[in-house]
Amino acid sequence: MGPISTILLAAKPTQKQLNEIDKIIQHISSIRENENFWVTSTKYINGSAEADGQPFALSINKIDKDNYEDASLANISSRIGYLPVYDIAIIAMCNQSIDHRILGELTYYFTNMFEAYIDFGGALLPTLKHLPWYMRSGTHSWQDIEPYYQKMKSKIEGKLHVITYKVDSNRTWAYQIGDVEFMKNWLTHPDFHMVK
């Protein structure tokens, strides 16, 4: 399994929007089987990715207590200005750089189409080369990593909200919610990646 993104919608998608999503998937894929599709090119959505058929899945889901806790929804809605009621989940089935690129370009396109926000499903961080060696283990708290994140984020235009949570009594971590401007600029950043 590779990276994932979730686009947070303020309303249930219309049939016209669902048809547009379907049309896009048909144009960028060589094969489609229900929610699964194999991407060969993102040029149709003004992307840059060319592939031999990278496997992806897309689902549209009603947001409820099975996929978001009330406290999470309250945190998210207070930052983005609306209560999300549906989402579009896009999943890359592999974890190569091309999968991150395709996912990022699809995420940007659909976020722009719906004038929505993205739940990245985790923390976007500087690549390991920008972190001290002792922070590369993945066992640190958000407070330890945050200065390096802030340095990275300060050079990227757009909104990227950080929501922290407790992992255990000694450690906190974060996930991020971004807007379409951030996603557009993140795609051109040298540290670009999506969250696995």
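Since every read-out is calculated from the coordinates, none of them should be taken as a lab result. No experiment lies behind these values; they were computed from the predicted model shown. In this analysis, Cβ positions are derived from the backbone assuming ideal geometry, glycine residues included, and neighbour counts consider all displayed protein chains.
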Check your understanding: For the stretch 144-190, what does the alpha-carbon gyration tensor say about shape, rounded, prolate or oblate, given a ≥ b ≥ c as the root eigenvalues, a/c under 1.5 as rounded, and a/b over b/c as prolate?
Key -> prolate
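Would you mind putting 75-84, 100-109, 172-181 in packing order, based on average other-beta-carbon counts within 10 Å, highest first? Don't skip to the answer; put the middle values down first.
On the way: 75-84: 15.2, 100-109: 23.8, 172-181: 19.2.
The densest-packed peptide leads the list: 100-109, 172-181, 75-84.
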**Study point:** For the stretch 89-183, fraction of C-alpha pairs farther apart than 23 Å, in %
**Key:** 32 percent
Check your understanding: Listed highest first by mean packing, meaning other Cβ atoms within 10 Å per residue, what order do 65-73, 160-168 come in?
Key -> 160-168, 65-73
Study note, to complete from the structure: Quick note, the stretch 69-142: a/c under 1.5 would make it rounded; otherwise a/b > b/c is prolate and the rest oblate (a ≥ b ≥ c, C-alpha gyration tensor); here it is oblate
Review point. Once the chain is represented by equal point scatterers at the alpha-carbon sites, with solvent omitted, what log10 I(q)/I(0) does the Debye formula produce at q = 0.09, 0.19 Å⁻¹?
Key: -0.34, -1.44
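Using 0.36 nm times the number of residues separating TYR134 and GLU50, minus their current alpha carbon distance, what extension gain do you get?
Full extension from TYR134 to GLU50 adds 26.6 nm.
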**Study point:** Ellipticity estimate at 222 nm from DSSP helix runs (n ≥ 4, -39,500 (n - 2.57)) divided over the chain, nearest 500
**Key:** -10000 deg cm²/dmol
Check your understanding: Going toward the positive end of the dipole of the chain, with +1 on Lys and Arg Cβ and -1 on Asp and Glu Cβ, which of LEU18, PRO126, ALA116 do you reach last?
Key -> PRO126
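Looking at the stretch 4-186 only, what percent of DSSP beta bridges run antiparallel? Nearest 5 please. Before the final figure, lay out each step's value.
Working: 35 of 35 bridges.
Of all bridge pairs located within the stretch 4-186, approximately 100 percent are antiparallel.
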Point to revise | Per-residue ³J(HN,Hα) for the stretch 188-196, Karplus 6.51 cos²θ - 1.76 cosθ + 1.60, θ = phi - 60°, Hz, x for Gly and Pro | key: 9, 7, x, 8, 3, 6, 10, 8, 9
**Study point:** Taking the chain and dividing mean pair separation by its residue count, relative contact order in percent (alpha carbons under 8 Å, at least six apart)
**Key:** 26 percent
Exercise for review: Compute the separation of the alpha-carbon centres of the stretch 119-196 and the stretch 52-89 and state it in Å as a whole number.
Suggested key: 19 Å
